[in-house]
Amino acid sequence: MSFFRKFAVTAVLGVTVAIPAQADTLADAMVAAYRHSALMDQNRAVLRAADEDVATAISGLRPVLQWVASHTVSKSEGTFQTLTGIDKDYFTRRSTSIQLAAEMTLYDWGRSQLAIDGAKEQVLATRQALVAVEQDVILAATSAFFQVRSAMEQVELQENSVQVLSRERQAAQDRFDVGEITVTDVAQADAQLAATQATLVSAQGDLQIAREGYLAATGRPGTNLSAPPALPKLPASIEAARQLAQKNHPLIKQYQRQAAASEIAVAAAAAERNPTLSANAGIGVTRSFDNLTQDYENGNSASVGLQLSQTIYSGGRLPAVHRQAMANRDRARAVLLNASRQVNQAVGEAWANIQVARAQIGAIDEQISAAQQAYDGVREEAMLGARTTLDVLDAEQALLSARADKITAEANLQLAHYQLLSSMGLLTVEHLKLGIPTYDPSQYYNAVRDAPHTSKQGRDLDRVLRAIGRE
C-alpha cells in the first residue's frame, strides 16, 4: 500500500509541475522591453552625465579651495667669504613651503548664470531624447510581437494546407487506382503538396527568425503569445493627430530645448567679453636653510585680495566663438523645423497605412469568400468528372493565398495603429498605462544639481545610485 501511495503522490506532483506557461500579452511584451532594453540604460546614463553638467556650471559660482606644497633646492658656484674666514666654492639653499589658497568669482556680469541656464536646457532636451528612445523600444517590441503572431498564424495556415493537400493527393491516388484520372493528375497533386511543404518549412523558418527578434527586443522567448488586444482609439481626423504630435512628440520637445540652449549659448559667447571680479585669500608656511650662512628661516604668510580682469584682445578667438554660437543657433532652429515636418510626415504615413490596411482587409474578406465558394464548387465538379485535379489544386492555392494575405494585412493594421501612437508621441509606459514603476529622470538630477560633496549628501547620492541600479 505504501508503494501505491508514493506512486499517487508522485503522479499528483507531476501533474502540478506540468502547468503550461502563461501566454505573453502585448502589454507583457512592452513591459519586458522597457525593463530589458540596454539602449534605455545607455540613454539613462547619458542623461545622468547631462545632469552633472548643471552641477559643473553651478560650481563656477562657488569658491575653489586648494593646497599647494613645494620644495626647492638652489645651488650657486663661486668663492665666498664666510664669517669664519673660510672660502667655499658653492652654496646651497633649500626651501619648503605649504600654502592653502581660496579663490571665488564675485561677479562676472551673468556669464556663469548663462552657463547654468544652458546646462539646464540641455538636461531637459536629454530627458526628451530618453522619451524618444522609450518610444522606439516599445514600438520595436510591438513590431516583434505582431511579427511572431503573424508568423505563427502563417505556420498554422500552411500546416492546415499540407493536411488538405495530403488528403487531395490521396483522393487523386484513389481515383487513379480506379482509372478515373491519369498519372499526370497524381503527379500534379504530388507537386502541389511538395510546394506547400516547402512553403511550410519557409514559414517555420520565418517564425524562428521572428522569435529571435522578439527575444532581442524583450528578453523573452516568444513561444506562447496571446491574441492582441483591441485596437487603440484613433483621433477624429489626421489634422487632430498632427496637432497632438506637434504638442507631444519628444523629438520636437527635445529640439525646442536645444534651440533654447543655443540662444543662451549666443548670449554666453557675448558675455565672454565682460570683466570678471574675483576674490582670493591664502595662508602659508615656509621653512628654508642656507648652508653658506648656516641660517634657518621660518616664516608664515597670509593674504587677501580682489582682482578685476577683462580680455582686451584675444587674437580673434572671442568673436569667432560668438559667430560659431550664432551659426549653431541657426542650425538648431533648422533642426527643429525639419523635425516638425518629419513628425507630420510620420503621422500622415501611419494614418495612410491604417486606411490602406482596412481597405485591404475588406477586399480580402470578399476574396476569401469568393475563393472558398469557387474551391467548394470546383471540388464538387471534380468529383463528377467535370474538373481536373489541377483545377482543384489551383482553387485551393487561391484560397490559401487569400488567407495568407489577410494575416499579413491584419498584422499591418495592428502595427500601424501603434506606429501612429508613436508618431504622436503617445507610445510611452505612462500613456499606455502599463502599471509599472518608471524611471524618474529628476531623482538623480535633484541629488547632484547642488554638486554634493559632504558626507550626508554623498550618502544620499549613493542611495539614489543604488535605487537606479535596481530599476
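The values are calculated or read from the model by the stated rules, or taken from the named source; none is laboratory data. The structure presented is a predicted model; accordingly, all values stated were derived computationally and were not measured. FYI the Cβ positions are ideal-geometry reconstructions off the backbone, even for glycines, and counts take in every protein chain you see. Each accessible area value is taken on the protein alone, full model and side chains, heavy atoms only, with ligands, DNA and RNA left out. Shrake-Rupley method; radii C 1.70, N 1.55, O 1.52, S 1.80 Å.
Details
- Any chance residue 205 is at positive phi, of a type in the set (Gly, Ala, Ser) and either surrounded by fewer than 20 Cβ atoms within 10 Å (Cβ to Cβ) or touching a Gly at 6+ places or on another chain (Cβ under 6 Å) (or both): no
- Checked against the criteria, residue 402 does not count as surrounded by 19 or more Cβ atoms within 10 Å (Cβ to Cβ), of a type outside the set (Asp, Glu) and without any contact (Cβ under 8 Å) to a residue 12 or more places away in the chain.
The rows are residues; the columns are (1) loosely packed, with under 10 Cβ neighbours inside 10 Å; (2) modelled with pLDDT of 90 or more; (3) not in a strand (DSSP E or B).
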site	(1), (2), (3)
27	no, yes, yes
41	no, yes, yes
48	no, yes, yes
72	no, no, no
83	yes, no, yes
91	no, no, no
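- Extreme residue, farthest from residue 24 (Cα to Cα), among residues of the stretch 188-199 that are surrounded by 19 or more Cβ atoms within 10 Å (Cβ to Cβ) and not small (Gly, Ala, Ser): 188
- Test: residue in the stretch 288-299 that is surrounded by 18 or more Cβ atoms within 10 Å (Cβ to Cβ), among the small types (Gly, Ala, Ser), in contact (Cβ under 8 Å) with a residue 24 or more places away in the chain and not in a helix (DSSP H, G or I): no
- Residue list for the stretch 50-62, restricted to those being in contact with a Ser or Thr (Cβ under 9 Å, 6 or more places away or on another chain) and either of a type in the set (A, V, I, L, M) or modelled with pLDDT under 90 (or both): 50, 57, 58, 60, 61, 62
- Considering 212, 180, 156, the condition of being outside any helix (DSSP H, G or I), more than 30 Å from residue 446 (Cα to Cα) and either in contact with a His (Cβ under 8 Å, 6 or more places away or on another chain) or of a type outside the set (Gly, Ala, Ser) (or both) is satisfied by 180 alone.
- Candidate set: the stretch 229-254, residues that are surrounded by 19 or more Cβ atoms within 10 Å (Cβ to Cβ) and of a type outside the set (Gly, Ala, Ser); chosen: the one nearest to residue 122 (Cα to Cα): 254
- Test: residue in the stretch 272-279 that is small (Gly, Ala, Ser), over 25 Å from the mean Cα position of the chain (by Cα) and surrounded by fewer than 14 Cβ atoms within 10 Å (Cβ to Cβ): no
- Qualifying positions in the stretch 313-360 - under 30 Å from residue 267 (Cα atoms), of a type in the set (A, V, I, L, M) and without any contact (Cβ under 8 Å) to a residue 60 or more places away in the chain: 318, 320, 321, 327, 334, 337
- Of all residues in the stretch 178-231 being more than 30 Å from residue 388 (Cα to Cα) and of a type in the set (Asp, Glu), the one that is farthest from the chain's Cα centre (by Cα): 206
- From the options 149, 169, residue that is of a type in the set (Lys, Arg), assigned to a helix (DSSP H, G or I) and either within 30 Å of residue 37 (Cα to Cα) or under 31 Å from the mean Cα position of the chain (by Cα) (or both): 149
- Any hit, the stretch 312-319, residues being loosely packed, with under 12 Cβ neighbours inside 10 Å, in a helix (DSSP H, G or I) and out of contact with any strand residue (DSSP E or B) (no Cβ under 8 Å at 6 or more places or on another chain): yes
- Residue 415 being closer than 30 Å to residue 248 by Cβ, of a type outside the set (S, T, N, Q), within 29 Å of the chain's Cα centre (by Cα) and assigned to a loop (DSSP other than H, G, I, E, B): no
- Number of positions in the stretch 52-70 that are among the hydroxyl-bearing types (Ser, Thr, Tyr) and open to solvent by less than 80 Å² (accessible area, probe 1.4 Å): 2
- Residue count for the stretch 361-390 satisfying the condition of being surrounded by fewer than 15 Cβ atoms within 10 Å (Cβ to Cβ), over 52 Å from the mean Cα position of the chain (by Cα) and in contact (Cβ under 8 Å) with a residue 24 or more places away in the chain: 1.
- Residues (assigned to a loop (DSSP other than H, G, I, E, B) and either open to solvent by less than 80 Å² (accessible area, probe 1.4 Å) or at pLDDT 50 or above (or both)) located in the stretch 1-19: 18
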